[in-house]
Amino acid sequence: QVQFVESGGGLVQTGGSLRLSCVASGSAFSSNAIGWYRQAPGKQRELVARISSSSGSITAYADSVKGRFTVSRDNAKNTVYLQMNNLKPEDTAVYYCNTLYYTTGTPLGSWGQGTQVTVSS
């Protein structure tokens, strides 16, 4: 089973940028579609971006982040990235990555510790 370690979060002002990284263990990384999820205080975890397996040529985004976030992957490094631009206070959350069933967004693996993103107004 693939396990993940997320990093790159921090405190940023509105309009700023961050790049999150998700490093996976396990040899089957490239064969998995990967999703970035986030959970804000008092809210359910939501899927914000997903990338298909292998080349990662197919991506999809939640409407709330479309045009601002970009997901990419580097299979040689077992890493998935989330470039976040023009951040807003409502983006404040703990961000997680996980394998997922691409069509439905259903997470398939266990959750890591996540990385905290805080956007100040």
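Once fully extended, how much extra length lies between Asn75 and Thr14, figured as 0.36 nm per residue of separation less the alpha-carbon to alpha-carbon distance? Gain on extension, Asn75 to Thr14, equals 18.8 nm. Rolling a 1.4 Å probe over the protein heavy atoms gives the chain an accessible area of 50 Å² per residue.
For the stretch 33-121, the carbon plus sulfur part of the accessible surface works out to 48%, probe radius 1.4 Å. Highest GNM mean-square fluctuation among Tyr101, Tyr37, Tyr81, for the chain modelled with Cα contacts below 10 Å: Tyr101. Based on the Stokes-Einstein relation at 37 °C and a viscosity of 0.692 mPa s, and on the Kirkwood radius from alpha carbon pairs, the stretch 1-100 is assigned a translational diffusion coefficient of 241 µm²/s. 3J(HN,Hα) along the stretch 19-26, derived from phi through the Karplus expression 6.51 cos²θ - 1.76 cosθ + 1.60 where θ = phi - 60°, amounts to 10, 8, 10, 9, 9, 10, 9, x Hz, with x in place of Gly and Pro. Across the stretch 36-95, C-alpha contacts under 8 Å between residues 6 or more apart give a mean separation that, scaled by the residue count, equals a relative contact order of 32 percent.
Averaging the sequence gap over all C-alpha pairs within less than 8 Å and six or more residues apart, then dividing by the number of residues, gives the chain a relative contact order of 35 percent.
The values are calculated or read from the model by the stated rules, or taken from the named source; none is laboratory data. Quick caveat: nothing in here was measured; it's all calculated off a predicted structure. SASA here: full protein model, heavy atoms, side chains in, ligands and nucleic acids out. Shrake-Rupley method; radii C 1.70, N 1.55, O 1.52, S 1.80 Å.
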